[in-house]
Amino acid sequence: MIKIVFFAALREQLNCAELSIPANEVSSIADIKTKLADKNEHWQQVFSNGALLCALNHDMVQADAEVKSGDEVAFFPPVTGG
Amino acid sequence: MNNNVKISIQTQDYNLAHEVALLEQNNDIDGAVVTFTGRVRNKNEGLHVSGLFLEHYAGMTEKSLEKIIFQAQERWQIGRVSVIHRIGQLAIGEQIVFVGVTSMHRQDAFAAAEFIMDFLKVQAPFWKKELTEKGEKWLDAKQTDNQQAQQWNN
């Protein structure tokens, strides 16, 4: 399984903090995004936001990064700390 | 990470004098200590702010700060580095973030402290939710923060 986590405004928009996806159904971050957007119209709309950032195992990555079982993938809005 | 680096993500406040003392303790080679403190402002984008809520991505936050500090160590001759960032509910005037850097001479400490703050702003996974007169609002990232960090690559 691949663990997917969401943060901040994105988590609130989706009303979901985390979920899991079977690793054999996806091979990249882009696949995961497509799969999440396919859930329903609301998720489709939320994931159409091009500003969303993505991390794989705590490192920022782009959509072409490959994923495997046991990975943790995070989606979140641009950061606003400091 | 080595003994010269402190990273702390915490809900409780910090004591500036204590943090400076830690940077200076048993450290006779560094003549310069530069510190930055970020605080909660009472106004943002024209709206009165009554407080902030800060969320972060535990695990990734520490990793991203380690990377930023490592890059600063590669770039400048610096001694000790301390980064503290608070999370949770914060009131007006409270301290949010601390960056402290020591070096033999001031230029390296000034530059490294600014570099660390600039990249913390755009890479460390923290998010602020403002409590304003018009309700709660997640802050939008500022393009100027990206430009500020980008300057270091020029």
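The values are calculated or read from the model by the stated rules, or taken from the named source; none is laboratory data. Note that the structure is a prediction, hence the values are computed from the model and not measured. Here Cβ is always computed from backbone atoms with ideal geometry, including for glycine, and neighbour counts include all displayed protein chains. Only protein heavy atoms, including side chains, enter the accessible area calculation; ligands, DNA and RNA are left aside. Shrake-Rupley method; radii C 1.70, N 1.55, O 1.52, S 1.80 Å.
Looking for something free of Cβ contacts under 8 Å to residues at least 12 places away in the same chain and of a type in the set (Ser, Thr, Tyr) - is there at least one such residue anywhere in segment B:73-88?
Looking for residues that are free of Cβ contacts under 8 Å to residues at least 12 places away in the same chain and of a type in the set (Ser, Thr, Tyr), one finds none in segment B:73-88, hence no.
Quick check on segment A:9-30. Is at least one of its residues open to solvent by less than 60 Å² (accessible area, probe 1.4 Å), free of Cβ contacts under 8 Å to residues at least 12 places away in the same chain and closer than 27 Å to B:GLN89 by Cβ?
The answer is yes, given that some residue of segment A:9-30 is open to solvent by less than 60 Å² (accessible area, probe 1.4 Å), free of Cβ contacts under 8 Å to residues at least 12 places away in the same chain and closer than 27 Å to B:GLN89 by Cβ.
Return the residue satisfying two criteria in turn: it lies in segment B:35-52 and is within 14 Å of chain A (Cβ to nearest Cβ) and open to solvent by 40 Å² or more (accessible area, probe 1.4 Å), and of such residues it is nearest to B:GLY88 (Cα to Cα).
This residue is B:ARG39.
In segment B:118-154, which residues are open to solvent by 100 Å² or more (accessible area, probe 1.4 Å) and acidic (Asp, Glu)?
Correct list: B:GLU133, B:GLU136, B:ASP140.
Which residue is farthest from B:ARG80 (Cα to Cα), if the candidates are limited to segment B:58-69 and must be open to solvent by less than 40 Å² (accessible area, probe 1.4 Å) and touching a residue at least 24 places away in the same chain (Cβ under 8 Å)?
B:MET60
Spot the failing condition for B:GLU55; the list is (1) among the acidic types (Asp, Glu); (2) open to solvent by 40 Å² or more (accessible area, probe 1.4 Å); (3) within 10 Å of chain A (Cβ to nearest Cβ), and only one is missed.
The number of the failed condition is (2).
Restricting to segment B:1-34, and then to whatever is small (Gly, Ala, Ser) and under 18 Å from B:ALA111 (Cα atoms), can you tell me which residue is surrounded by the most Cβ atoms within 10 Å (Cβ to Cβ)?
So, considering only residues that are small (Gly, Ala, Ser) and under 18 Å from B:ALA111 (Cα atoms), the one surrounded by the most Cβ atoms within 10 Å (Cβ to Cβ) is B:ALA32.
How about segment A:38-53: which of its residues are over 17 Å from A:ALA65 (Cβ atoms) and crowded, with 16+ Cβ neighbours inside 10 Å?
A:TRP43, A:VAL46
Can you list the helices (runs of 4 or more DSSP H) lying wholly within chain A that have 1 or more residues being within 10 Å of chain B (Cβ to nearest Cβ)?
Output list reads A:8-14.
Take the residues in segment B:70-94 that are open to solvent by 30 Å² or more (accessible area, probe 1.4 Å) and among the charged types (D, E, K, R), then tell me which one is nearest to the other protein chains (Cβ to nearest Cβ).
Residue satisfying both the conditions and the ranking: B:GLU94.
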